[in-house]
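Engineer: Dropping a structure here in structure tokens format, bear with me for questions.
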Amino acid sequence: MSCTINTMAETLRRVSRYLDEISFLPELDGPYSTRVETDTCGETCVTVYLAANRNREPEAIERLCALAGLLGGRFRLDGPIREHGGATFRALYVLVAIPTGGTLKIWSPIAHTAPVPVPDVPVAVPA
């Protein structure tokens, strides 16, 4: 949804107050990215991506569990997403209602799988 600069400025003021209140939480340290968007219905969504190393998935899950408890959020597990190299992952989300309106979505990639290896044996084509 397109909006005026004044509307976007008001949206940023509204969500920044909430983000300032929760910014002290150690579970929110080191986000890879944070994005503020407004959808076609005018709903504000703040998305925080917390990167997770595939060897540290349990820590990412614990981090999101802690955030869900602290912020009164709920979980959502996405379907498999294919990466460029053929591996897949699933995104674990914590969705939190922002008191002044909108949604805070905090997510991490989990459940990484390696790409399917290509067989070394040539496959014969039926005649």
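The values are calculated or read from the model by the stated rules, or taken from the named source; none is laboratory data. Computed from a predicted model, the values in this text were never measured in an experiment. Reconstructed Cβ throughout: ideal geometry from the backbone, glycine too, with neighbour counts over all protein chains shown. Note: areas computed on protein heavy atoms with side chains; ligands, DNA, RNA excluded. Shrake-Rupley method; radii C 1.70, N 1.55, O 1.52, S 1.80 Å.
Engineer: Any chance you could give the angle, 0 to 90 degrees and rounded to 10, that helix 57-71 forms with the longest Cα principal axis of the chain?
Structural biologist: 20
Engineer: For the chain, what is the mean residue ellipticity at 222 nm derived from helices alone (per DSSP H run of n ≥ 4: -39500 (n - 2.57); sum divided by total residues; nearest 500 deg cm²/dmol)?
Structural biologist: Per the formula, -8500 deg cm²/dmol.
Engineer: For P(r) over Cα pairs in 10 Å bins from 0, in percent, one of [x] 10, 26, 25, 18, 11, 8, 2, 0; [y] 15, 40, 25, 12, 5, 3, 1; [z] 11, 36, 26, 15, 6, 4, 2 was computed from the structure I shared and the rest are decoys. Which label?
Structural biologist: Of the listed options [x] 10, 26, 25, 18, 11, 8, 2, 0; [y] 15, 40, 25, 12, 5, 3, 1; [z] 11, 36, 26, 15, 6, 4, 2, [z] comes from this structure.
Engineer: Once amide H atoms are placed 1.01 Å from N in the peptide plane, what residues at a sequence separation of 5 or more from E83, or on another chain, have their amide H within under 5 Å of its amide H?
Structural biologist: Placed amide hydrogens put T88, F89 under 5 Å from E83.
Engineer: By DSSP, what percent of the beta bridges with both residues in segment 5-110 are antiparallel, rounded to the nearest 5?
Structural biologist: Values: 20 of 25 bridges.
So the antiparallel bridges in segment 5-110 amount to around 80 percent.
Engineer: Of the chain, which part is the longest with no GluC sites (Glu not before Pro) in a loop (DSSP not H, G, I, E, B) and with at most 15 other C-beta atoms within 10 angstrom? Mind dumping the intermediate values first?
Structural biologist: On the way: sites that count: E43, E83.
The segment 84-127 is the longest one with no such site.
Engineer: Ignoring ligands and nucleic acids, what accessible area does F75 show with a 1.4 Å probe (Å², nearest 10)?
Structural biologist: Number for this one is 100 Å².
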